[in-house]
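Let me begin by presenting the structure, written as structure tokens, before commenting on it.
The values are calculated or read from the model by the stated rules, or taken from the named source; none is laboratory data. Everything quoted here is computed from the prediction, not taken from an experiment. Cβ atoms come from the backbone with ideal geometry, glycine included; neighbour counts cover every protein chain shown.
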Amino acid sequence: MPTDQPALRETLAGRIETTLTHRAELNGKGLILHFRMVLRDLPFDGQPGLLADEHRAAIDVLVDRAARKDIKIFSVTGYASHPGTDAYNDVLSRQRAEAVTAYLALKVDQHPTLDNTLYQHIRVSWRGEREASAGAGADAADSDNPLDRRVEIAYRIKVVFPPPADANVPRSRFWKIDFSAGGGSSYGGNDQSGNDHRSIGIDLGVGKLTMLPDTEIGQNDTLEKNLAYESLGISIGLLSVLRKLKFLSRFPRVQRLLEILDSDIPGSEHYKHTANLLKSAGFGVDLKSDGGEFYIDEPLSFDDMSFFYFASVAGDVSLFGAASGQLVLLHSPYFFASTVIYGGGLKIAVPDASLTFVPIAAVELLNA
């Protein structure tokens, strides 16, 4: 009588413990469920094989599920029971973790609809007998507990609530952000030695967020929406630092220019408070900023991008105008990305070269 292989596989896989460890909500649009699968009672000494049929069957089920659901596997960790030396059990737990990872990769590579991204970034580790159960009695240190001979697989399933049947929402992994116009004010001052100029300020502005084509998922259009942003930044002037560099003495014209730019306002000896205010306060207007393109791991819609944060580090030069280049880090619960943006503008303030750090800023789409 032939064996019912699918039924046997389900029976064996059912013996494997799979536990929901925690969950998170995606702003009412779905859930992220985190699981831990524990392959217990692995062969005692790894002979004749490191895995038994029920362990391979459980991995088969996980791979089949990954073909139907959005699954990401984070880690595979091997363990061992007490018998044997610490060194031997470290090696054995490593072999168990690597055997599970290798079999998982084999089944993914054999699957017609999956690729190696499912196992490419798995963190493989091993703990030996360091987390084995204590047991009981005098022979606890030499006891063999089948629950200690195990491999744990940590993974998550992303469940997105389905949109209405007639919905056709454009999505893309390729985007461009453009801070096209903005302005703000700042106030600061020199330190007690009068060497460095520091200021803190708030900027407000508008721009555009552009969804670029993503032909792999059938999104062939370039779409854009207006945005508004707010940012809090810290700026450190660099002119006084440059003036201290000894090698500049070889370039008298450059040194003279730096002294002119960093000199006191004429008549400041009679109006010290007014002169200090003029040197410490500034107002900037950005007239143009070239947008920066960025990539995200999962296709998102404008609705998903309706609000997000960013931080940036920028180098600025102002002399009857302003020019800057900045590294921008964008993030939200949906994505993390980076881009580089160059811009120009008009700055009414003390001419300077500065380094600006924006630790927190927010973007909101105006017509999302």
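Given the options S75, S93, name the one that is surrounded by fewer than 17 Cβ atoms within 10 Å (Cβ to Cβ), in contact with a Lys or Arg (Cβ under 7 Å, 6 or more places away or on another chain) and assigned by TED's automatic domain parsing to the domain that holds A132. Please lay out each step first, then the result.
Details: S93 fails: surrounded by fewer than 17 Cβ atoms within 10 Å (Cβ to Cβ).
Unique residue meeting the criteria: S75.
Taking the options A136, A181, A154, name whichever one is modelled with pLDDT under 75, farther than 23 Å from I217 by Cα and in the same structural domain as N89 (by TED's automatic domain parsing). Working first, answer last.
Numbers: A181 fails: in the same structural domain as N89 (by TED's automatic domain parsing); A154 fails: modelled with pLDDT under 75.
When all the criteria are applied, what remains is A136.
Which numbered condition in (1) touching a His at 6+ places or on another chain (Cβ under 8 Å); (2) closer than 18 Å to T19 by Cβ; (3) not small (G, A, S) is the only one that V63 fails?
In the conditions (1) touching a His at 6+ places or on another chain (Cβ under 8 Å); (2) closer than 18 Å to T19 by Cβ; (3) not small (G, A, S), V63 misses (2) alone.
Assess whether F308 counts as being closer than 23 Å to D203 by Cβ, assigned by TED's automatic domain parsing to the domain that holds I341 and modelled with pLDDT under 60.
no
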